[in-house]
Amino acid sequence: NILCVIPARGGSKGFPGKNIAPLLGLPLLAHTIRQAQGAETRMRIVVSTDDDEITEVAYKFGAEVIHRPPELAADRAPSEWALIHALSEIRKEGFEPSIIMMLQCTSPIRRSADIDKAINMLYDTGADSLLSGVAAHQFIWQGARNDVRPLNYDYRARPIRQYRPAEWVENGSIYMCKRWVLDDMANRLGGKIAIYEMGYWSMFEIDSVDDLDLCEWIMSREGI
């Protein structure tokens, strides 16, 4: 009883047409649809969009479409707005999913097995929500270039990286939550939060043509 929402608005200013740009011979959006379809876990797959071309691609590759109003697809509209709207529209049909999942098509370096494993992790750990991420080992500094300070370690007692507390970077690939989290908190994350760890390559997202070329190389190399 899972609702899988793939947000894909049409108004990217930095990279027009990004969500349906060609990647390995398919529109970018198609990869995420196919990955969701390839999961062993059955789910209802919907694309939330305000764009006619994206709608056509979504239907072509077997996803449902929820037409998002323009005000919910503006540049600064958070993805949660798409999730809340999609859930509201689905509920009009009498469908009450227990889990709402969000897959971002701009993070295409995932396998169907990752989706299944993340779902199982949510259930097995008793978590209320989950995000995917990549293990981070870097020492990070912040501030202006001429006045910086360490963010995650003490440079006066530099630790051995292997013995530092675990840290992860969100890779934007998989998010999911129990229905009550989205209803009560209007957020994709809340309650007890688990993290599903993915490989290093999965951290690369598509925001530019160069990113598209890099992800194409990675996906070819990794057989994704």
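The values are calculated or read from the model by the stated rules, or taken from the named source; none is laboratory data. All values derive from a computational prediction rather than experimental measurement. Every residue, glycine as well, gets a Cβ built from its backbone with ideal geometry; the counts of neighbours run over all protein chains shown. With ligands, DNA and RNA removed, areas are computed over all heavy atoms of the protein, side chains included. Shrake-Rupley method; radii C 1.70, N 1.55, O 1.52, S 1.80 Å.
Cβ-Cβ below 6 Å, separation at least six or inter-chain, first residue in the stretch 195-224 and over 14 Å from residue 111 (Cα atoms), second open to solvent by 70 Å² or more (accessible area, probe 1.4 Å) and not aliphatic (A, V, I, L, M): which pairs?
Close Cβ pairs (under 6 Å, with a partner that is open to solvent by 70 Å² or more (accessible area, probe 1.4 Å) and not aliphatic (A, V, I, L, M)) amount to 195/168.
Here are 42, 68, 91: which of them is touching a strand residue (DSSP E or B) at 6+ places or on another chain (Cβ under 7 Å) and open to solvent by 10 Å² or more (accessible area, probe 1.4 Å)?
Exactly one residue qualifies, and that residue is 68.
Kindly indicate the residue of the stretch 20-39 that is touching a residue at least 40 places away in the same chain (Cβ under 8 Å) and in a loop (DSSP other than H, G, I, E, B) and also surrounded by the most Cβ atoms within 10 Å (Cβ to Cβ) among those meeting that condition.
The qualifying residue surrounded by the most Cβ atoms within 10 Å (Cβ to Cβ) is 39.
From the list 190, 133, pick out the single residue that is in a loop (DSSP other than H, G, I, E, B) and open to solvent by less than 20 Å² (accessible area, probe 1.4 Å).
190
Just the residues that are within 18 Å of the chain's Cα centre (by Cα) and either of a type in the set (Ser, Thr, Tyr) or part of a strand (DSSP E or B) (or both), please, taken from the stretch 40-57.
Within the stretch 40-57, the subset within 18 Å of the chain's Cα centre (by Cα) is 41, 43-49, 54.
Residues satisfying the conditions are 41, 44, 45, 46, 47, 48, 49.
Which count do you get for residues in the stretch 196-214 that are touching a helix residue (DSSP H, G or I) at 6+ places or on another chain (Cβ under 9 Å) and either within 30 Å of residue 123 (Cβ to Cβ) or assigned to a loop (DSSP other than H, G, I, E, B) (or both)?
10
Restricting the search to the stretch 94-127, which residues are of a type in the set (A, V, I, L, M, F, W, C) and touching a Gly at 6+ places or on another chain (Cβ under 9 Å)?
109, 113, 115, 127
Please work out which residue is least open to solvent (accessible area, probe 1.4 Å), limiting yourself to the stretch 157-173 and to residues that are of a type outside the set (D, E, K, R) and not in a strand (DSSP E or B).
Only one residue fits best here, namely 159.
Please go through the stretch 21-76 and pick out each residue that is modelled with pLDDT of 95 or more and of a type in the set (Gly, Ala, Ser).
Of everything in the stretch 21-76, those that are modelled with pLDDT of 95 or more and of a type in the set (Gly, Ala, Ser) turn out to be 21, 25, 30, 36, 38, 39, 48, 58, 62, 63.
Step by step: first the residues of the stretch 65-102, then only those that are under 26 Å from residue 123 (Cα atoms) and in a strand (DSSP E or B), then the one that is nearest to the chain's Cα centre (by Cα). Which residue is that?
This residue is 102.
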